[in-house]
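Only one structure is covered here, and it is reproduced in the block below.
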Amino acid sequence: MTTIRSLLRDRVTLRVRSIDRMFLQGYVPKLMSEGMVVRFLLDRGFPIPSPSLLGDIGGAYVAAIERFAREREIAVVRFARRESKEERVRPYLEAAVREGRFGVVAIGIAQEKSSAWRGWREGGSDGHPHFRFGRQSVFVNHYYFYVRDREWGPAFVKTCAYAPFPLWLCLNGHEWAKRQAEKAGLEFAALDNGFRSCADADALAAICARLSERQVWAFFRRYERLLPSPFTDADRGRGYRYQLALRQIELSDTRVFDRPEAGRAWFERVIRDQLALGRPDHVSLVFARRVIATTPGRFQTKVLNRGVEPAIQVLYKHSKVKQYFKDGRALRTETTVNDTYDFGVGRLLSHRNWQALLRIGQQTNERLLDAQLQACACAPDATTLARVVLPSRTEDGLPAPALRFGDPRAQALLAALCCFQHLLEGLTNRSLRDLVAGFLPGYTSRQMTYDLRRLRANGLLIRIEGSHRYQLTAHGRRLAVFFAKTYARIVTPSLAELDPSLPNDIAERAPLARAWRAYEHALDQRIADAALTA
C-alpha cells in the first residue's frame, strides 16, 4: 500500500535544503540616539545642530539618486498604492537578462511608512538656539534599487532619505545557488524559486551549504560602493557605517517528486491524516480565482483537485512553518523566521546567529516531516502499550502513573500533544494546559503539573535542560497519535454504529452496524436453536 513514507522514499528524485528569501535591515549604530544625531551634525562641521541640516543632507541624497539614474540611463518608476512592485519591474529584469547586463536595472519610488528623526526648537537665544530630536512615524519616499547581480541574480536594495537613513536588502538563496551552479558548470533545471532537477545532487547540496553571512556582507559592500549614499567617506571614517540585522529569513526543504501525481497523493494523504491530529493553524486550498462572499455560483472543493494548491501552516509567535505543493512537482517545507528573538537568537548578521538560524530551520522542517511520518505508522508494541495504560515503574524505581485508554482526561491530554505547535519550540505547563482545557473545561494548573509528571515518567516528554519547557519525544508523539486516532476514528464512530437505538435505515448504510446486527441476529438464532432462551 502506498503511504506518505513510501512516496518520500520511492518517488522523490531530488532533495534540496537551502536558504530561500532573506530580508535584512541596515542601520547605523551611531545614529540610534538623540545625542548621537547631535554628534553627527557637529562632526559634519555645523556649529549649531539644526534639524534643517538633516533635511539638507536628505535633499542632497535625493539629488544624488536622480543624478545616478540620469547618468546611467536607469529607468525610474513610481509605484502606485497596492501595486505589485515585483510585477512592475519584471520587464526591466527580463530585459537585462536578454541583453546580458548586470548592476542596477531600475529604480522604484514608493511612499511608505518609516521612523525618522524630527527636530524642534526648545529654548536658547536666536543666536544660539537649542534643539531637541525625537523619532516619529512619517510617510516618505523610499527608493528601490533593483539589481541583477552576477552572484545573486535578481535582488533589491531599499533606502530612505530621512535620518537615520535606514536601508533594506532583499536576497534569495536559491538564486544565489543557481548562479554558483552555472559558474561550476553544473547542469540543472529550475523550478521557479528552486531546482527541479540536477545532474549532481551532492554537488548542488554542497553549493547550498556554502552560503553564509560572508556572501551577504560581500553583496552589501559591493553595492554600498556603487550606489549613492547620504554618508561621505569622511563620515564612514568617523564610524558612521551600516550594521545588518536579519528581519526575515526562510529556510526550506524541497523534495521533488518524479511525477505530479505522486506529490498530489502525498498531500492528499497528509491533509486527510493530519487535519484533526496536528491541528495546524491554517490548512488552505488556494485557487487561482478569487472567491468572495458575493461571488455567484456554488463552490465545492475536492482536496488536491486540478488547479488547487494545498498548504499547511503552523504559527509560532511571529514565525511560522509552512508546507505546500511547489509548482505541482515538489513538496516544500519552509520555516520562516520573522523575529529571531522568537528562538532566542540575536538579529545581527553574524556567523553565530546565521548558524543558529540554519540549525533551527533545518530541525523545525525535519520535526514537522518526522511527525507526519510517525502518524502514519504509530501502533506501539503490546509491551509498550501495557506499560503506558497500566501503572508501572520507571528504571529508577519511581512510579509511573497510568494513562488509561478511554479515560477522558488522558484522551484530552494526548490529543493536545498531537498539535504541531509543539514541534517548533517545545511546550510549557501553560501552553499545554490551554490546549487540554479546550477539551476539558475547568482543567487546572495543578492537574497539569501532575499530568506533566505522568508524561515524563512514561517517556512521552523530556525536559529541556535549563528551562521550564518540555520536548515531545518521538515515542511520545507516536503514542499520542495512536491514542487520538484509535479513540476518535475507531472507537467513537464504531460505538455510535453499534448503538441498538440507531435507526434501521441508517444502520443498513453503515457496514459495521450492518455486520454487527447480522452477528447479533445469528447469535440470537443459535441460542434459540439450543433452547437456552429464558
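Projecting the Cα atoms of ASN172, GLY194, ALA161 onto the charge dipole of the stretch 125-205, computed from C-beta unit charges around the Cα centre, puts ALA161 farthest toward the positive end. Couplings for the stretch 122-139, taken from phi via the Karplus curve 6.51 cos²θ - 1.76 cosθ + 1.60 with θ = phi - 60°, read 9, x, x, 8, 5, x, 8, x, 9, 10, 10, 10, x, 8, 9, 7, 9, 9 Hz in order; Gly and Pro are left as x. Only aspartates and glutamates eight or more places from LYS485 in sequence, or on another chain, were considered; those with a Cα closer than 19 Å are GLU268, ASP273, ASP370, ASP381, ASP407, GLU497. The simple spin-label model puts a point 7 Å past each Cα toward its Cβ; for HIS468 and THR383 those points are separated by 3.8 nm.
Three principal axis extents of the stretch 1-151 based on alpha-carbon atoms, in descending order, are 86, 40, 29 Å.
Semi-axis lengths, largest first, of the ellipsoid equivalent to the stretch 147-202 are 31, 10, 8 Å, with √(5λ) applied to each eigenvalue of the Cα gyration tensor.
Split the accessible area of the chain by element, probe 1.4 Å, and carbon with sulfur accounts for 51%.
Counting only DSSP H runs of at least 4 residues, each contributing -39500 (n - 2.57), and dividing by the residue count of the chain, the helix-based mean residue ellipticity at 222 nm comes to -13000 deg cm²/dmol.
The charge dipole of the stretch 367-479, taken about its Cα centre with unit charges on the Cβ atoms of Lys, Arg (+1), Asp and Glu (-1) only, comes to about 240 debye.
Note that the stretch 191-271 presents 41 Å² accessible area per residue, ligands and nucleic acids not counted, probe 1.4 Å. When +1 charges are put on Lys and Arg Cβ atoms and -1 charges on Asp and Glu Cβ atoms, the dipole computed for the stretch 311-360 relative to its Cα centre reaches about 80 debye.
On alpha-carbon atoms, Rg over Rh for the stretch 175-224 using Kirkwood Rh?
1.02
Given +1 at the Cβ of Lys and Arg, -1 at the Cβ of Asp and Glu and no other charges, the dipole of the stretch 8-81 around its Cα centre is 560 debye to the nearest 20. Database remark: amide H of TRP152 closer than 5 angstrom to no amide H (H placed geometrically; neighbours at sequence offset of 5 or more, or on other chains; Pro and chain starts carry no H). Protection proxy ranking, highest mean first, for peptides 353-365, 248-260, 43-55: 248-260, 353-365, 43-55, where packing is the per-residue count of other beta-carbon atoms within 10 Å, averaged. What pairs from LYS85/LYS183; LYS113/LYS317; LYS183/LYS320; LYS85/LYS113; LYS30/LYS113; LYS30/LYS178 go past 27 Å between their alpha carbons? From the list (LYS85/LYS183; LYS113/LYS317; LYS183/LYS320; LYS85/LYS113; LYS30/LYS113; LYS30/LYS178), the Cα-Cα distance tops 27 Å for LYS85/LYS183; LYS183/LYS320; LYS30/LYS178. Think of a 1.4 Å ball rolled over the protein heavy atoms: the stretch 1-159 then has 55 Å² of accessible area per residue. Put simply, the convex hull of the Cα atoms in the stretch 437-501 casts, on average, a shadow of 6.2 nm².
Look at the dipole of the chain built from charges on Cβ: of VAL147, ALA205, TRP354, the Cα furthest out on the positive end belongs to VAL147.
Could you report the stretch 334-470's accessible area per residue, 1.4 Å probe, as an integer in Å²?
48
Output the Kirkwood hydrodynamic radius of the stretch 1-80, Cα pairs only, in Å rounded to one decimal.
18.6
Which shape class applies to the stretch 89-222: rounded if a/c is under 1.5, otherwise prolate when a/b exceeds b/c and oblate if not, where a ≥ b ≥ c are the square roots of the Cα gyration tensor eigenvalues? Taking the square roots of the gyration eigenvalues as a ≥ b ≥ c, the stretch 89-222 is prolate. Inter-part distance, the stretch 166-238 to the stretch 84-134, computed on C-alpha centroids, equals 23 Å.
Per the Kirkwood definition applied to all pairs of different Cα atoms, how many angstroms is the hydrodynamic radius of the stretch 404-534?
Working: mean 1/r = 0.0572 Å⁻¹.
Averaging 1/r across every pair of different Cα atoms and inverting gives 17.5 Å.
By the Kirkwood approach, averaging reciprocal distances over each pair of separate Cα atoms, the chain gets a hydrodynamic radius of 28.0 Å.
Listed by number, the DSSP H helices of the chain that run 24 Å or longer by alpha-carbon position along their axis and have mean Kyte hydropathy of at least 1.6 come to an empty list.
Pairs of Cα atoms nearer than 8 Å and 6+ residues apart set the relative contact order; for the chain it is 14 percent. Were the residues from ARG404 through ARG446 laid out at 0.36 nm apart, the gain over their Cα-Cα distance would be 13.2 nm. Of the residues PRO51, VAL62, ILE506, the one whose Cα sits farthest toward the positive end of the charge dipole of the chain, with +1 on the Cβ of Lys and Arg and -1 on the Cβ of Asp and Glu, is PRO51.
Compared with the rule-of-thumb size 2.2 N^0.38 Å for a compact globular protein, the stretch 466-534 has a Cα radius of gyration ratio of 1.87.
The values are calculated or read from the model by the stated rules, or taken from the named source; none is laboratory data. Note that this is a predicted model, so its numbers are computed, not measured. Counting neighbours? That spans all protein chains shown, and the Cβs are built from the backbone with ideal geometry, glycine included. Areas reflect the complete protein model, heavy atoms only, side chains present, ligands, DNA and RNA absent. Shrake-Rupley method; radii C 1.70, N 1.55, O 1.52, S 1.80 Å.
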